[in-house]
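Here's the structure we're looking at; comments come further down.
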C-alpha cells in the first residue's frame, strides 16, 4: 500500500468507529444511570431509548447522531514528524467518511451559507499537534455536535449576578449555573469539561481537552477531584434529568482542568458534551499502520 | 414524572387528535412528516412558498443523513435538532400553513407557547441524539424539496414514519414540561449556593 493510502485508511477507520461506536466507559455510565431512575419515568424512557440507539448504531454501522459534529483531532507525533502530510491524509479520510455517510455534510460557509460536500474547508476539521520523544503516532478524535456546543459558557470572575468571587466556590457557582442554564438542551445527560483560568481562547481549548479523559477518572489534582465529585453530586439535586424532562441524571461526568491566568482575568470556561460522547483514540506506527485502540 | 400513554397520532393530524394532548404525555406518531430546519423556516417566514401543502401536518426539526442507494433514498440517521433557533419564525409558519405540531428538541420560550395556544399546535420533544432509533421509524422517503438550494441537511424531506416516539413538551393550552423543570432547578441552585461553600 502506498504511504498516503495506509494513513488515509487508518484515519478513516478512526472516524468511522468514532461516529458509530460509543466508547465502553460512556455506555457503562449510561447503564448505571438508568438503574437510578424510576421505572416508567420519562427519565428512564429517555435512557432506555439512548441505550437502544447505541446498540443500533453499532449494529447498523451508522452514525450515533445525525449531527456528526466538529471533528477535533489531537495528534502526538515523533520529533520532527511531517505534520502537513498528516493534515492532508486526515482531510482525505474526512472526505471519504462523508461520501460514505459516516459523516453528514455538516460544514457551512459562514459567508455564503453554502454547504460543503466534503467537510474539508477553512477551519474544518480542527487539528492539534504535539511533538514528543516517541516513535509512534497517537491520534485522538472527538466529534462534538452543535446542540451541545451551543450551550457552552464562559464566565469572568467576579460575577455579581451569581454572587461568585475569585475563589473555588465562585468557580463552583459558575459551573452549577452553566448546568442550570443548559437544562436538557445540550442533549442531557452530558459531560462537562471545565477550565479554570487561561484566556478566552485557551480556556475553551483546555475545557474541551478534558473530554479526552475517561468518564470515571478523577483529576490528579486533589482539590479539582473533590470539586468534580461535589458538582456531579449536586447536579443530581438540580433534578433536570435526561433531556430536561426531570430525574436524577443531568450529567454523567464532570472534568475540570486549570491553566494559569493573568492577574486581571479569571475565566471559568464550561464546555458541554452530549450523551453521544464520540471519543476514540488509536495508536499508529510512524508509517500509519494500525497498532492498537485506546 | 410518570410516563403516561402512549397516545397514537395519525396523519392528517387534526385538531381533534392534537387538542386533548397534555404536556408530559408520550405519543407515537404515524404518517407523513416534513423535515425543516433553519433555511426552510427562514424561507417560509420571508413569504416563500411551500412546495407542498403543510396543513394539518407535522414539521420535524431534523437534518438527516440520507444516502442514495439502488436508486432509492436511504435515511442513515434522523434525530431531532435544537428547536429554539426556529422560535422567531414559528408563530407565522404555524398560522399561515396550519401546522398542527412540530417535533424537535430543547426548551422553548414564551413566543412558542403563545403560538401553540393560538394555532392549536403542540411541541413534541424527541430524544436528542437518538438518530438510529428514530431513523428506524422512517418507513419511506416520499420526496425531497430544496435539496440542491439548501443542501441535504437543510432540505425538506417528506418522510413516512411509523410509531415515531416523542413527549409532549408544550401542549395547545401553552403548558410547558421543560419550563417546570427549569424553574425547580433554578430554585435548587439558589439553595445549593447559599450554604456550605466549597473551600480549597
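No value in this document is a laboratory result; all are computed from the given coordinates. Remember, it's a predicted structure, so these values are computed and weren't measured experimentally. Positions of Cβ are generated from backbone atoms using ideal geometry, with glycine treated the same way; all protein chains shown enter the neighbour counts.
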Out of all the residues in the range B:3-49, which are in a strand (DSSP E or B), in contact with a helix residue (DSSP H, G or I) (Cβ under 8 Å, 6 or more places away or on another chain) and within 14 Å of chain A (Cβ to nearest Cβ)?
-> B:26
Search result, residues across the range A:206-226 that are closer than 18 Å to residue A:273 by Cβ and touching a residue at least 40 places away in the same chain (Cβ under 8 Å) | A:206, A:207, A:208, A:209, A:210, A:211, A:212, A:213, A:214, A:215, A:216
Identify, by number, the condition in (1) at the interface with another protein chain (Cβ under 10 Å from one of its Cβ atoms); (2) within 18 Å of the chain's Cα centre (by Cα) that residue A:192 doesn't meet.
-> (1)
Verdict on residue B:182 being within 14 Å of chain A (Cβ to nearest Cβ), touching a helix residue (DSSP H, G or I) at 6+ places or on another chain (Cβ under 9 Å), within 23 Å of residue A:63 (Cβ to Cβ) and in a helix (DSSP H, G or I) | no
Candidate set: the range B:74-123, residues that are part of a strand (DSSP E or B), under 14 Å from the mean Cα position of the chain (by Cα) and within 23 Å of residue B:152 (Cα to Cα); chosen: the one nearest to the other protein chains (Cβ to nearest Cβ) | B:82
If you take just the strands (runs of 3 or more DSSP E) that sit entirely in the range A:91-174, which of them hold at least 3 residues that are surrounded by 16 or more Cβ atoms within 10 Å (Cβ to Cβ)?
-> A:137-144, A:153-156
Would you check if residue A:282 is at negative phi, out of contact with any strand residue (DSSP E or B) (no Cβ under 9 Å at 6 or more places or on another chain), outside any loop (DSSP other than H, G, I, E, B) and surrounded by fewer than 24 Cβ atoms within 10 Å (Cβ to Cβ)?
-> no
Only listed residue being touching a strand residue (DSSP E or B) at 6+ places or on another chain (Cβ under 9 Å), facing chain A (nearest Cβ under 10 Å) and not in a loop (DSSP other than H, G, I, E, B), chosen from B:133, B:139, B:127 | B:133
Does residue A:43 satisfy the criteria of being more than 14 Å from chain B (Cβ to nearest Cβ), surrounded by 20 or more Cβ atoms within 10 Å (Cβ to Cβ) and touching a residue at least 40 places away in the same chain (Cβ under 8 Å)?
-> no
